[in-house]
1. Collect the residues in segment 339-365 that are out of contact with any helix residue (DSSP H, G or I) (no Cβ under 7 Å at 6 or more places or on another chain), assigned to a loop (DSSP other than H, G, I, E, B) and closer than 24 Å to residue 259 by Cα, keeping them in residue-number order.
2. Just to be sure I understand, how many residues within segment 418-440 are part of a strand (DSSP E or B) and of a type outside the set (Gly, Ala, Ser)?
3. Give the residue, chosen from 301, 273, that is acidic (Asp, Glu) and either more than 16 Å from residue 139 (Cβ to Cβ) or part of a strand (DSSP E or B) (or both).
4. Would you point out the residue of segment 156-170, among those that are among the hydrophobic types (A, V, I, L, M, F, W, C) and outside any loop (DSSP other than H, G, I, E, B), that is farthest from residue 187 (Cα to Cα)?
5. Of the residues 173, 214, 222, 191, which single one is outside any helix (DSSP H, G or I) and without any contact (Cβ under 8 Å) to a residue 60 or more places away in the chain?
6. Among (1) part of a helix (DSSP H, G or I); (2) surrounded by fewer than 16 Cβ atoms within 10 Å (Cβ to Cβ), which single condition is residue 405 missing?
7. Just the residues that are modelled with pLDDT of 95 or more and over 19 Å from residue 303 (Cα atoms), please, taken from segment 196-212.
8. Please count how many residues of segment 176-188 are under 22 Å from the mean Cα position of the chain (by Cα) and either modelled with pLDDT under 95 or assigned to a loop (DSSP other than H, G, I, E, B) (or both).
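The values are calculated or read from the model by the stated rules, or taken from the named source; none is laboratory data. Note that the coordinates shown come from a computational prediction; the quantities given were computed from them, not determined experimentally. Neighbour counts run over all protein chains shown; Cβ positions are idealised from the backbone, glycine included.
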Amino acid sequence: MKFLNSILSRIVLVVLALLIQVAWLAVMILRLGDFIRYANLILQIFSLLMVFYIAQKDTKASFKLAWAVPILLFPLFGGLIYLFFGTKSPTLGMRKKLECSHAALQESIPDSSAVIEEIAVDNTAAGGQMRYLQKTGGFPVYQNTETRYFPQGEDLFGAILEELQKAEHFIFLEFFIIAEGRMWNSVLEILEAKAAQGVDVRVMYDDMGSLTTLPYDYAKQLEKKGIRCIRFNPFKPVLSIVMNNRDHRKILVVDGIVGFTGGVNLADEYINEKVRYGHWKDTAVMLRGDAVRSLTLLFLEMWNAFRPEDNDNDRFLPKPSASPSFASDGFVQPYGDSPLDGEPLGENVYLNIIHGAKRYVYICTPYLIIDEELEGALTLAAKRGVDVRMITPAIPDKKSAHALTRSHYPKLLSGGVKIYEYTPGFIHAKSFVCDDEIATVGTVNLDYRSLYLHFECGVYFYQSSVVADVKRDFLETQEKCAPAQAQRQRFGMIRGLYHAILRLFAPLF
């Protein structure tokens, strides 16, 4: 949950390491004499070896530095703490399950190479992005797909209820957060009715994300209603590295024909039925047609990994020849990101958009906790004449994350990036729009957890009406924002030191 994902949780670990070290030294002096000196030496050597191990890892320098510093500061137990918390990879068991599930669905992925090469002739940036997503992630480009953009969670809510009512064969829901309240209860009422009619209804929610919003046995409660359910990566109050890897996706699929994704979870604050941090601004998209196939496959890959009860996945994937004809709205490419493969696909989608931008790139993100590569890409784009704008929240959901976000302002602003804070409240949207041709809407935040630790998803649009909708929404939202330049201040020594420490340890949070 949020408190476990915050900076405070890691500060507690640092304090804990310090206290343990002090206690250890006290015991060493008072009781154990020579023996403890040998143990002390062994632990220090182990910590030093862990620093060498981290240095040779194929990972970003910011991750290496963020762990090397505390290990060297606390050499007695720093190495042991890294052993428990340092690795960002999923456990071997989770990896094997998901890799097997992924391999079993590979034959269901169509090839769109010919379409991509045609696009690349007209737009090398878009073609390269699409080629990357298909070659690296196995995500094809689709046409024969209608699209719809939702600038508010309230708009999405009505569309979800309408489409759920039409379900005849199956309903798949995969969300990071489900919370009891008007939004979820309205959805649940339809799910129960559909399950009673024989519709295959499946729900998957992240157990950490819903830790404080649902009862512990909620999955069993849904099963009793005829709704099959998975609690992804159940929370265990023990030291476990796998707790890092959460299912942050938001996917809803109806009959393999209609699909939804975006930033909106199934909780009342997302439709402003419940006020927590002022007005909650979020976005989502609906797909109707062939592109829903990729959202269905993303869901099935996760579901089959942890509940492998179905061998016939084809019944959830309408054949192209048998599917209805839809009014194609440009080119649509849903994609997913996983911490399994070491490929930061979500980050690379964003980097490709920034690097390929010619006139403008507009970005909405609730968090701005990035490394030098993304920061450099944004400022370089601005310096070469691209109109780079970002909207972040004025009212934070987590103060430490907001402090980290603002710590990036000075460098970005001095590099020519324009930053605006959404004064009515909290903006949870995750969207990029570029040059009137390209947009992406999904679940990927500009923070370390989304970019490297979580299972995420999004949709890449090219020459779609969604592009104009995202741009229009950005500009209308900007009118409600305050320029960050007006809030910029000369940081004093204490504030500057605080931000420096936060940024140093940012990859750990």
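1. Across segment 339-365, the qualifying residue is only 365.
2. The first filter runs over segment 418-440 and keeps only residues part of a strand (DSSP E or B), leaving 418-422, 425-427, 431-434, 438-440.
Going one step further and asking which of them are of a type outside the set (Gly, Ala, Ser), we end up with 418-422, 426-427, 432-434, 438, 440.
Number of matching residues: 12.
3. On the way: 301 fails: either more than 16 Å from residue 139 (Cβ to Cβ) or part of a strand (DSSP E or B) (or both).
One residue alone meets the criteria, 273.
4. Going through segment 156-170, the residues among the hydrophobic types (A, V, I, L, M, F, W, C) turn out to be 156-157, 159-161, 164, 167, 170.
Checking which are outside any loop (DSSP other than H, G, I, E, B) leaves us with 156-157, 159-161, 164, 170.
Working: 156: 12, 157: 9, 159: 11, 160: 8, 161: 7, 164: 8, 170: 14 Å.
Selected residue: 170.
5. Values: 173 fails: without any contact (Cβ under 8 Å) to a residue 60 or more places away in the chain; 222 fails: outside any helix (DSSP H, G or I); 191 fails: outside any helix (DSSP H, G or I).
Matching residue, one of 173, 214, 222, 191: 214.
6. All conditions are met except number (2).
7. Scanning segment 196-212 gives 196, 197, 198.
8. Residues flagged as under 22 Å from the mean Cα position of the chain (by Cα) and either modelled with pLDDT under 95 or assigned to a loop (DSSP other than H, G, I, E, B) (or both) within segment 176-188 amount to 3.
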